Every structure is written in C-alpha cells, then in structure tokens.
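A.B. asks: Quick one: this structure, given as structure tokens, is what I'll be asking you about.
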Amino acid sequence: MSVIAGFDTRWVYVLLVCLVAVERLVELAIARRNSRWMQARGGVEVGAGHYRWMVVLHVAFLLSSPLEVWLFERPFLPPLAVAMTGLLGVATALRIWTLKTLGKRWTTRVICLPGVPRIVGGPYRWLRHPNYLVVVLELLALPLIHTAWITAWVFSIANAVLLRVRIRVENDALTRYSS
C-alpha cells in the first residue's frame, strides 16, 4: 500500500476513477439532449449495432481500472502517475475542445444531419476524429496512473477493434449525408 500525504493512494485512485465516471454520465446526458435535438431536425442515426459494445467497453473499463489496482496490489509510482495524470489532462482538454467545437452536433452515437456541412474548425482542422484520440489516450493514461497495465492493454486493444468499426461507420455516414 502506498501512502501520499496520509492517504492510501488506492482510495485516491478510486476517487479519480469515480470523477471520470461522473464526467461520462454528464457527457451521456449532453449526448442524449443533442441526439434528440438532431433527430428533431431530421438527423439520421447509422451504425447503432456497435453502440452497445462501446457502452459495455467503457463501463467495464471504469470498473476494471480500480479492481486491478486492488486485486493485484498494483504499486503507485509517482513519476508514472504524474506523467499519466498529465496525459489524462491533455485528453480532457482535447475532449472539451471537441465538444465545444461540435456544439449540439456532439453525441455518443453516429447521427448526421443530411445536407449540413461537416465541422472543419477547432481540432477538426488537424484531426478527422479527435474524440477517438481522446478515448485512446484515456484508456492508456487512467489505468497507468496506478500501474494497472493489464487494464490499459486489454481495453486499448478492445477499443482499437471497436474503433475500426466505428470510424468506418462514421466516415461512410459523413460521406453519405454531409454536403
């Protein structure tokens, strides 16, 4: 057990993962509101079949990260924790920038407004799918803050498989429905 400033680092880590989970719940509420807004304006959802697997992956990830720390007694390595917390911060900043850039068009599902141009500003100036880079960084950084390396590897690989499907679906939808 590692202790910093009188606190068991495992409990601090559980708190961090809980904060990330709360952030995800807030994002889901925003996504639902935005999805309704887009569908009310003729938005078309595509590729819904893989969505449940994305939800399962993210829920399992948030459970697995602290479980690995506790069950396998993963050590807390301050230099690694600082680096991964910094990476998580960068990912969070990129996520916020992405959400602000897309505005009401940001959802967790693939929904397109037919005839409406793609967003090409903000991070989309440089990256076609910045939010997926955010997820890749988070799946690596969050578990490694407390050396949960099995979680980092397993969920990064599973996410890569899902992203292959998701990005293909999204690119096809953007080509089909955007002007």
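Read-outs throughout are calculated quantities, based only on the coordinates presented, and are distinct from any laboratory measurement. Keep in mind that what you see is a predicted model, and the values were worked out from it rather than measured. Ideal geometry is used to build each Cβ from the backbone, glycine not excepted, and the neighbour counts take in all protein chains shown.
A.B. asks: Which helices, counted as full DSSP H runs in the chain, have an axial Cα extent of no less than 24 Å and a Kyte-Doolittle average of 1.0 or above?
C.D. replies: 51-71, 78-102
A.B. asks: Taking Rh as the Kirkwood radius, which is the inverse of the mean 1/r over Cα pairs, what is the Rg/Rh value for the range 1-45?
C.D. replies: A ratio of 1.40.
A.B. asks: Once each part is reduced to its C-alpha centroid, what is the distance from the range 126-179 to the range 34-99 in angstrom?
C.D. replies: Result: 9 Å between the Cα centres.
A.B. asks: Running a GNM on the chain with Cα contacts under 10 Å, which residue among Val134, Val110, Val46 ends up with the highest mean-square fluctuation?
C.D. replies: Val46
A.B. asks: Once you treat every alpha carbon in the range 36-106 as an equal point and sum by Debye, what is log10 I(q)/I(0) at q = 0.11, 0.23 Å⁻¹?
C.D. replies: At q = 0.11, 0.23 Å⁻¹ the computed log10 ratios are -0.50, -1.16.
A.B. asks: Principal axis lengths of the range 79-179 from Cα atoms, whole Å, largest first?
C.D. replies: On the principal axes, the range 79-179 reaches 48, 25, 20 Å in Cα extent.
A.B. asks: Follow-up question, since we're still on this one. Tell me the relative contact order for the range 39-179 as a rounded percent, counting alpha carbon contacts under 8 Å between residues six or more apart.
C.D. replies: 42
A.B. asks: Something else: Rounded to the nearest 500, what is the 222 nm mean residue ellipticity of the chain from helices alone, with -39500 (n - 2.57) per DSSP H run of 4+ residues and division by all residues?
C.D. replies: Mean residue ellipticity, 222 nm, calculated: -24000 deg cm²/dmol.
A.B. asks: Relative to the compact-globule scaling 2.2 N^0.38 Å, provide the ratio for the alpha-carbon radius of gyration of the chain.
C.D. replies: Details: Rg = 17.7 Å, N = 179, 2.2 N^0.38 = 15.8 Å.
Dividing the Cα Rg of the chain by 2.2 N^0.38 Å gives 1.12.
A.B. asks: Which one of Pro78, Cys112, Tyr51 has its Cα pushed farthest toward the positive end of the charge dipole of the chain, where Lys and Arg give +1 and Asp and Glu give -1 at the Cβ?
C.D. replies: In the chain, that residue is Cys112.
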